[in-house]
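Contents: one structure, followed by commentary.
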């Protein structure tokens, strides 16, 4: 189906189901139960899951296939966000032109940075991209203030022209982003017994775009172009002596992944129309590297899993505080309760990075192929057990 | 006029004159061996032919066109394929994929953004790659990762990859270095078969005299960066200058 083989089609269908039913899947606990804080099914977080999923899928086309590790991809995300907010300021609040422009601008920006950075490979390439991203961050933060509004960040105001829309709504507030009239923030809430499920228009727009982006990445992985990119990773010398010019291949991969990052940035601004320089900082670039490696670089689904994993930790673990811990361990004697809370304290709240760091180290050491490898091992283990069970069953048959 | 004409080529690395006044003519459809003691400049010469190095002086003409100043991939697209001393293959890819890549390079040129069509729908490429695998006797290994192949199989695969581009000149850099005797003899048979059956010129750099005298119908002896003599194999064997420079007492 869709020009994919059976395995890829079923993967696409699984991802489609997961994203479409995410409001249910991510909300397993009733609203007023003690575990409700582990629910991730609220629009803001679900949007982030799929937007960072797009970012990581694009990054994986570069890093997973060619092995070129870019440490500057957040720059493209930031450029996409700025472009989208400018569209909201100048043209109107429809998200389509904003998203289109963010992809185009990020692509052009990637073409420029890639053209220069790809003169080197390995660690030198990484450093060049990092340098470019930091330059972009600092420019956005200070020099380019007329365009980026510096450290305040670019925001919508009532004075914006919005030539195809209105500067202000009838009641004098700033209009909201929409898709041909459908407001991105509009949420339909469905209460089923003690559960409350939220269906947000913005989330579903992002989810459909992520599915399209995921489908495109499967096509790229299975194409001759994708095979050439894997060949670049494997042996550039042989590429050159087989009559293939590696530069345009790596540059094309770089631009495509930059456009994915721009798309993610554009969507981010479409959900919440502001853009700040911190989106371009090197920590943001590092985050997408972590997502891709954690999920499984070079695999199709890995980056999406990694993005979801990291964003879940960032938003859920960081919200657990000492009061929550005390309520969990209140069954213990007082001294022991305090001791346990004291021990766990560094790993929660603002310390969630510590938990993430430890998990990242465990994955890299024990599962070099990321979460995908973990999944494969579990599958292999189950199949092995099943095969064993059936073989022992067969052996016992003759005796009966 | 040979298919490959090397004229007055010189190359200096700092204080070392690696090549000087190298003149060489490789005739079409011949097997031309370049031999010489260690440090004679054989590999430097080869690198000048494929675009890895640019000589300081002289000219290198392939089929009437200069190769100087062209990138390795451009020279390859002109019809020169190179086999390396240690097999250079795509270790992370399967044997079949390894064979498909040169077929793509032959069909689509140095770059083609073919990002939306599936590899498995490129029937012409698949057929060519499969045919070459059968010819190289490797069809049963098509789904193996190339890195897992034995040394001899890696060499066969690399030669097959070069041949699937239908080059006019095949350059081999010590193709049997580090091989066991049986593998060496297999490689000799394979190269003999290639040169007999195909419209192809082979230039080979080799240390092993057994290989050289079983294959070559023309030999150039290089010593201290300059050609000592170029002649037929039977004359090389008896040439006292060659004995002195290279073959020594053992010959």
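Read the figures in this text as sums done on the coordinates, not as results from a lab. The structure displayed is predicted, hence computed values, not measured ones. FYI the Cβ positions are ideal-geometry reconstructions off the backbone, even for glycines, and counts take in every protein chain you see.
How shielded is B:114-123 by partner chains, expressed as the average number of their Cβ atoms within 10 Å of its Cβ atoms?
Working: counts 6, 15, 8, 6, 10, 7, 2, 4, 3, 0.
Across the residues of B:114-123, the mean count of other-chain Cβ atoms within 10 Å is 6.
Against the longest alpha carbon principal axis of chain B, how many degrees, from 0 to 90 and to the nearest 10, is the axis of helix B:95-108 turned?
The angle comes out near 80 degrees.
Which semi-axes, in whole Å and largest first, does the equivalent ellipsoid of region B:13-123 have when worked out from the alpha carbon gyration tensor as the square roots of 5 times its eigenvalues?
Working: eigenvalues 212, 53, 40 Å².
Values for region B:13-123, descending: 33, 16, 14 Å.
Please compute the length gained on full extension between residue A:343 and residue A:38, using 0.36 nm multiplied by the number of residues separating them and subtracting their Cα-Cα distance. All intermediate terms of the calculation are to be shown ahead of the outcome.
Values: separation 305, 0.36 × 305 = 109.80 nm, distance 2.08 nm.
Taking 0.36 nm per residue and subtracting the Cα distance, the gain is 107.7 nm.
Expected output is a single nm value to one decimal: the length gained when fully extending between residue B:197 and residue B:8, i.e. 0.36 nm times separation in residues minus the C-alpha distance. What is it? Provide the component values of the computation, followed by the final result.
Numbers: separation 189, 0.36 × 189 = 68.04 nm, distance 3.31 nm.
Computed gain between residue B:197 and residue B:8 is 64.7 nm.
Just grab the label-to-label distance for residue A:385 and residue A:16, each label 7 Å out from Cα along the Cβ direction, in nm (one decimal).
Calculated label separation equals 3.2 nm.
Could you sort A:151-161, A:252-262 so that the peptide with the highest average Cβ count within 10 Å comes first and the rest follow in order?
Working: A:151-161: 14.4, A:252-262: 27.7.
Listed from highest to lowest mean packing, they are A:252-262, A:151-161.
Take residue B:27 and residue A:120, extend 7 Å from each Cα along the Cα→Cβ direction, and tell me the distance between the two endpoints in nm.
For residue B:27 paired with residue A:120, the spin-label model returns 5.1 nm.
Determine, for each peptide in B:118-124, B:105-111, B:203-209, the mean count of other beta carbons within 10 angstrom over its residues, then list the peptides with the highest first.
On the way: B:118-124: 13.7, B:105-111: 17.6, B:203-209: 20.3.
So the order, starting with the most tightly packed, is B:203-209, B:105-111, B:118-124.
Counting DSSP beta bridges in the protein assembly as shown, what percent are antiparallel, to the nearest 5?
On the way: 30 of 48 bridges.
DSSP beta bridges in the protein assembly as shown are roughly 60 percent antiparallel.
For the protein assembly as shown, what D do you get in µm² per second when you plug the Kirkwood radius from alpha-carbon pairs into Stokes-Einstein at 37 °C and 0.692 mPa s? Please list the in-between numbers first.
Details: Rh = 28.9 Å.
Translational diffusion coefficient: 114 µm²/s.
Would you mind giving the mean number of other chain beta-carbons within 10 Å of the Cβ of each residue in B:69-75, as a whole number?
Working: counts 0, 0, 3, 8, 9, 3, 3.
Shielding by partners across B:69-75 averages 4.
Within 10 Å, count the other beta carbons around each residue, average over each peptide in B:214-227, A:182-195, and list them highest first.
Values: B:214-227: 20.4, A:182-195: 12.9.
Top to bottom by mean Cβ count within 10 Å: B:214-227, A:182-195.
Which residue, A:285, A:81, A:102, has the most motion in a Gaussian network model of chain A that connects Cα atoms within less than 10 Å?
A:285
Given the Cα-Cα distance of residue A:358 and residue A:143 and 0.36 nm per residue of separation, how much length would full extension add, in nm? Walk me through the numbers on the way to the answer.
Details: separation 215, 0.36 × 215 = 77.40 nm, distance 3.81 nm.
Contour length minus Cα-Cα distance gives 73.6 nm.
Run the paramagnetic zone check for residue B:38: 7 angstrom along Cα to Cβ, then residues of region B:84-98 with backbone nitrogen under 13 Å.
none
Rounded if a/c is under 1.5, else prolate if a/b is larger than b/c, else oblate: which is region A:158-229, with a ≥ b ≥ c the root eigenvalues of its Cα gyration tensor? Let's see the in-between values first.
Details: a/c = 5.08, a/b = 1.45, b/c = 3.49.
Oblate.
Evaluate peptide B:97-105: per residue, the Cβ atoms of other protein chains within 10 Å of its Cβ; return the mean as an integer. Don't skip to the answer; put the middle values down first.
Working: counts 4, 5, 0, 3, 12, 5, 2, 8, 6.
For this peptide, the per-residue mean of nearby foreign Cβ atoms is 5.
Please work out the ratio of the alpha-carbon Rg of region A:282-400 to 2.2 N^0.38 Å and round it to two decimals. Could the numbers behind the result be given before it?
Values: Rg = 20.7 Å, N = 119, 2.2 N^0.38 = 13.5 Å.
With N residues counted in region A:282-400, Rg over 2.2 N^0.38 Å equals 1.53.
With a cut-off of 8 Å between alpha carbons and a minimum separation of six or more residues, what is the relative contact order of chain A in percent?
26
Taking square-rooted eigenvalues a ≥ b ≥ c of the alpha carbon gyration tensor, is region A:86-163 rounded, prolate or oblate, where a/c under 1.5 means rounded and, failing that, a/b exceeding b/c means prolate? All intermediate terms of the calculation are to be shown ahead of the outcome.
Numbers: a/c = 4.03, a/b = 1.83, b/c = 2.20.
Note, shape of region A:86-163 comes out oblate.
Name the most mobile residue of A:72, A:357, A:276, meaning the one with the largest mean-square fluctuation, in a Gaussian network model of chain A with Cα contacts below 10 Å.
A:357
Could you tell me the center-to-center distance, by alpha carbons, between region A:115-146 and region A:78-108 in angstrom?
21
What nm value, rounded to one decimal, do you get for the distance between residue A:25 and residue A:168 when each label is placed 7 Å out toward the C-beta?
4.4
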